[in-house]
Amino acid sequence: MHHALEIQEILLNIVAHCYSPGRRRYTASNLVSVARTCRAFKEPALDVLWKDLDDLSPLAQCLPEASHQLEPIPHKVSFTRPLTQIEWDILTSYTCRIRSVQNFNRGLDWESVTTFLNPPTTVPLFPNLRTLRCEYTENIMHLLHLPLPSLVSLDVIFENLLSLQSFPKFSPNISFSIRLLTTTFSRIQVNHVCRWKNLRSVVCPHFILDVDVLVYLSRMPALTRLDFMLSTTFPTSESPLFFPNLHDLKLQSKSLEAISRLLSQALLPAITDFVIVGNCPSRQELSILTDIQTSGASSAIESLRLTQSLLLSRNVPRSEAPVLCFENLRPCMKFSNLRHINLAIGWNVDLTDSDLLTLTLAWPRLETLSINSGWGWNTPRGVTPNGLLQLLHTCRSLSRIALVIDTRSYTELPSSGSLASLGLTLPPRYSINLLDSIIEAESVPAIVAFFVSIAPCSDISLAAWHRNGRMVKRPRWEEYRARWDDVCKQVKDAVSRRS
């Protein structure tokens, strides 16, 4: 064996490439195979395999079959008898490797969970556990009495405010995350959260936070995530709202004006992921894109999503809806680190080749560009095929697009030389949603040749006129959808023949 493989860091780097936490079900067997290769690989491979668990069921499944069984309903593992000392020794050889558990409640029935809460040992059962997530129940309170010497982060899911208020205080050295996932709308006041000085995340999408709560949260240096509702009558705060380390922010309100008032009072220098959900029936409401700049977020923001929660009244004709144009989006050009932009508002859209090229030149790292994916543009105009080609050439990292393409005058088959001159090839996987793009029969051959030429070896996903969108009531939508389905099929067949 090469001497380099005697270095622990190199071995850990090798085994890390064999495993993907997001695809544990499919890649865990790779680590098992690596662990069986030789003694040198065994320990690093097991460390990576057991580092992050979704729940505790894998611990039970590593014991002899006679010790446990799988209950089909609910889908949980349960112990069938008390564990022997040899079986406890097997468990402790794995529990010492665990660094995080995504949900302590799931995977095992409660009687089996209590087995872990009462181990026959004086040393900690989970000595290296750093991150723990659990659903709050009366039984889970026993978990807080376990010796967890390395725990630094606790994420608790609460059913309601009453359970949040009954949750005890704990070590100030542990950062605390609150999740209130009930769909019952309510209001959180400062007395609900003032017991904790180390909040890292507060997720309560159906709860309104009072201004006093926001002032209190702004004093939390560990706070990195906020998700809440804002009252339409949000007042002016007398204290500064400075969130120095807040990275992930989702604001919901029936009025974007209330969100604008908050942004005018807040400083958010570290925001990278910003989601805004509100009602924007007029151009004045969309000025919120300018207000984001005043909060100091423009230099850090990487992902921006603006969604209209309340669509225009059904009595209002689509032709009378506001029009989204370049001037509305110009403030976004200040977001130089933008990687993902998703706008989903009930407006018509009027953006040309030059408009989109001007915008995307300000976003060199752009990966996702989605404009009204569920609503459409409601216009025969859009980006021309040549404009789309220039857009793809400008943003080489772009892999997901949702916009309208103008095919009205695109009837001549493109020459391979004209497309190859830009040296453009799409990434291996690419998604283009053409929304409510209009296409006539005479444009189909040219459009097919266009996409085949720019995607010779890509797994390209083309779609248009989604049935679950708000475009299916437009005139001739079934006719246009059938033509785009034909385009997609021809492109896929041509690309598969080449590869």
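Laboratory data are not the source of any read-out in this text; all were calculated from the coordinates shown. What you see is a predicted model; the values in this text were computed from it and never measured. Don't worry about glycine lacking a Cβ; one is built from the backbone with ideal geometry, like all the others, and counts go over all protein chains shown.
Taking a Cβ cut-off of under 11 Å around Val448, the surrounding Lys, Arg, Asp and Glu residues balance to a net charge of +1, with basic ones at +1 and acidic ones at -1.
In this rough spin-label picture, where each label sits 7 Å from Cα along the Cβ direction, the Ser299-Val323 distance is 3.7 nm.
Given (1) 1.17; (2) 0.99; (3) 1.50, which label gives Cα Rg over 2.2 N^0.38 Å as computed from the coordinates? Given (1) 1.17; (2) 0.99; (3) 1.50, the structure-derived one carries the label (1).
Note on His142 and Asn118: their simple-model spin labels are 0.6 nm apart, each label 7 Å out from Cα toward Cβ. Global dimensions of region 129-234 from alpha-carbon coordinates: Rg and Dmax equal 13.6, 46 Å. Our summary gives region 34-172 a relative contact order of 20 percent, counting only alpha carbon pairs under 8 angstrom and 6 or more residues apart. DSSP beta bridges confined to the chain are antiparallel in about 5 percent of cases.
Using a Förster distance of 22 angstrom, determine the FRET efficiency expected from the C-beta separation of Asp89 and Phe170, and round it to 0.05.
Calculated transfer efficiency: 0.15.
Looking at the square roots a ≥ b ≥ c of the eigenvalues of the Cα gyration tensor of region 67-184, which shape do they give, rounded for a/c under 1.5, prolate if a/b is larger than b/c, or oblate? Since a/c reaches 1.5 but b/c is at least a/b, the shape of region 67-184 is classed as oblate.
The GluC sites (Glu not before Pro) found in region 202-295 that occupy coil by DSSP, while having at most 13 further C-beta atoms within 10 Å, are Glu238.
Compared with the direct C-alpha span, the chain from Ser496 to Ala446 gains 16.1 nm at full extension, assuming 0.36 nm per residue. A full extension of the chain between Ile14 and Phe242 corresponds to an added length of 77.9 nm, given 0.36 nm per residue minus the alpha carbon distance. My understanding is that a pair violates if its Cα-Cα distance is over 30 Å; which of Lys51/Lys492; Lys197/Lys334; Lys250/Lys334; Lys250/Lys492; Lys76/Lys254 do that in this structure? From Lys51/Lys492; Lys197/Lys334; Lys250/Lys334; Lys250/Lys492; Lys76/Lys254, over 30 Å: Lys51/Lys492; Lys197/Lys334; Lys250/Lys492; Lys76/Lys254.
Counting only chymotrypsin sites (Phe, Trp or Tyr not before Pro) that sit in a DSSP loop (anything but H, G, I, E, B) with at most 16 other Cβ atoms within 10 Å, what is the longest stretch of the chain containing none of them?
Details: sites that count: Phe170, Phe185.
By the stated rule (loop sites, at most 16 other Cβ atoms within 10 Å), 186-499.
For the pair Arg225 and Asp485 in one chain, pulling the backbone fully straight at 0.36 nm per residue adds 89.5 nm over the alpha carbon distance. From the Cα gyration tensor of region 97-149, with a ≥ b ≥ c the square roots of its eigenvalues, which class applies: rounded if a/c is under 1.5, or else prolate if a/b is larger than b/c, or else oblate? Because a/c hits 1.5 or more and a/b fails to exceed b/c, region 97-149 counts as oblate.
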